[in-house]
Amino acid sequence: LQEQLYQAQKMESVGRLAGGVAHDFNNLLSVVLGYGEMLLEDIGTDHPHYEALRAIEHAASRAKTLTRQLLAFSRKQVLDMKTVDLNGVLTGFQKLLRRIIGEDIALDMVLSDEPLQVRADTAQLEQVLLNLAVNARDAMPDGGTVTIETITVDLDREYAESKPGVRPGRYAMIAFSDTGPGMDRATLDRLFEPFFTTKPKDQGTGLGLATSYGIVKQHDGNIWVYSEPGHGTTFKIYLPLHAGRQAVARTPAEPRPAPGA
Ligand code: ADP
């Protein structure tokens, strides 16, 4: 528990620091990029310094992408919470997921029959799914399968108490699996740390899972990972089921069946 708490505090302070730095850098980079683009247009492709200037502009543009991701990570997003059906969110996002993982990877969606009402910021949840999809794609360059399953789960008191920060109750669960190479212990230990990445320099920022973790936590949820070298990876996301869902489901437009019908 102590270790978990320490991790959480460390992440928060790293986030704050990163956010402050990113904000200042973002402004400075706007100046570099702005003048760089202006000069590029001015001098034209024949100029002896054209290529050098282009390299400067390219690096500044990449740096700006990085700072934007840093800002998104560090900013405690003000969530736009609505009662939504998780299965609906997934179905609506399916097309984009397909596009991200590409044609060599199969996508299997196995959604629970009942609607899964949760309080959520759909855009933020989609951000989490996007991060998981990008990681699954990168883990399976030669193709494979992504499976997304939803189900309701009861986390009983005993189980919840064995996990720090988990409240017992009814949850909607998304299991996001891939058939990639899986991860070893050393990677698993650092997975949700900001800036931890095993990807090549211009591919990974190490912020995808740290951001996803923050978003799920802000939803009072949990994200756990199950992985073993050679056996693929599964991320399980738990979101509290919305208690008032009966009241939501029964609207005046849906008359109750007449007695004896
Ligand atoms: P990034 O994608 O920029 O590296 P993430 O925080 O999203 O940052 O991921 C951190 C690291 O976790 C990745 O670099 C990779 O080593 C590992 N990882 C994440 N998802 C998977 C996965 N589905 N299969 C194998 N490794 C993964």
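The values are calculated or read from the model by the stated rules, or taken from the named source; none is laboratory data. As the structure is a computational prediction, the values presented were derived from the model and not from experiment. Note that each Cβ is placed from the backbone with ideal geometry, even for glycine, and that neighbours are counted across all protein chains shown. Areas reflect the complete protein model, heavy atoms only, side chains present, ligands, DNA and RNA absent. Shrake-Rupley method; radii C 1.70, N 1.55, O 1.52, S 1.80 Å.
Brief remarks on what is shown
- Taking each residue of region 204-224 that is under 14 Å from Ala120 (Cβ atoms) and looking for partners that are within 11 Å of the ligand (Cβ to nearest atom) and in a strand (DSSP E or B) with beta-carbon atoms closer than 8 Å, six or more apart or interchain, yields Ile223/Phe235.
- Residues that are open to solvent by 80 Å² or more (accessible area, probe 1.4 Å) and in a helix (DSSP H, G or I), drawn from region 32-46: Tyr35, Glu37, Met38, Glu41, Asp42
- Subset tally (residues that are surrounded by 17 or more Cβ atoms within 10 Å (Cβ to Cβ) and either closer than 22 Å to Lys201 by Cβ or not acidic (Asp, Glu) (or both)) for region 116-126: 7
- Residue that is nearest to Pro194 (Cα to Cα) [pool: residues in region 47-63 that are surrounded by fewer than 16 Cβ atoms within 10 Å (Cβ to Cβ) and in contact (Cβ under 8 Å) with a residue 12 or more places away in the chain]: Arg62
- Answer from Asp80, Asp85 - the residue that is open to solvent by 20 Å² or more (accessible area, probe 1.4 Å) and in contact with a Pro (Cβ under 6 Å, 6 or more places away or on another chain): Asp85
- Pro164 vs. criteria surrounded by fewer than 16 Cβ atoms within 10 Å (Cβ to Cβ) and either near the ligand (Cβ under 9 Å from one of its atoms) or on the phi < 0 side of the Ramachandran plot (or both): yes
- Residue within region 133-149 that is in contact with a helix residue (DSSP H, G or I) (Cβ under 7 Å, 6 or more places away or on another chain) and more than 12 Å from the ligand (Cβ to nearest atom) present: yes
- Test: residue in region 191-212 that is open to solvent by 70 Å² or more (accessible area, probe 1.4 Å), among the basic types (Lys, Arg) and assigned to a helix (DSSP H, G or I): no
- In region 172-186, the residues that are open to solvent by less than 70 Å² (accessible area, probe 1.4 Å) and either over 21 Å from Thr211 (Cβ atoms) or modelled with pLDDT under 95 (or both): Gly182, Ala186
- Residues (within 30 Å of Leu33 (Cα to Cα) and not in a helix (DSSP H, G or I)) located in region 57-108: Arg75, Lys76, Gln77, Val78
- Residue in region 130-155 that is farthest from Phe235 (Cα to Cα), counting only those that are of a type in the set (A, V, I, L, M) and modelled with pLDDT under 95: Leu155
- Matching residues in region 132-146 - criterion: being touching a Leu at 6+ places or on another chain (Cβ under 8 Å) and open to solvent by 30 Å² or more (accessible area, probe 1.4 Å): Asn135, Thr145
So that you can scan it fast, the table gives a plain yes or no per residue for (1) more than 24 Å from Leu116 (Cα to Cα); (2) touching a Pro at 6+ places or on another chain (Cβ under 6 Å); (3) of a type in the set (Phe, Trp, Tyr); (4) not in a helix (DSSP H, G or I):
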residue	(1), (2), (3), (4)
Asp138	yes, no, no, no
Val146	no, no, no, yes
Asp154	no, no, no, yes
Ala160	no, yes, no, no
Pro164	yes, no, no, yes
Arg167	no, no, no, yes
Ala172	no, no, no, yes
Gly182	yes, yes, no, yes
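- Every pair of residues 6+ apart whose Cβ atoms lie under 9 Å, when the first sits in region 126-142 and is among the charged types (D, E, K, R) while the second is assigned to a helix (DSSP H, G or I): Glu126/Val89; Glu126/Gly92; Glu126/Phe93; Glu126/Leu96; Arg137/Ile100; Arg137/Ile101
- Checking the stated criteria, Leu129 turns out to be crowded, with 16+ Cβ neighbours inside 10 Å and more than 12 Å from the ligand (Cβ to nearest atom).
- In region 204-226, the residues that are among the hydrophobic types (A, V, I, L, M, F, W, C), in contact with a strand residue (DSSP E or B) (Cβ under 7 Å, 6 or more places away or on another chain) and either closer than 25 Å to Arg62 by Cα or within 11 Å of the ligand (Cβ to nearest atom) (or both): Val225
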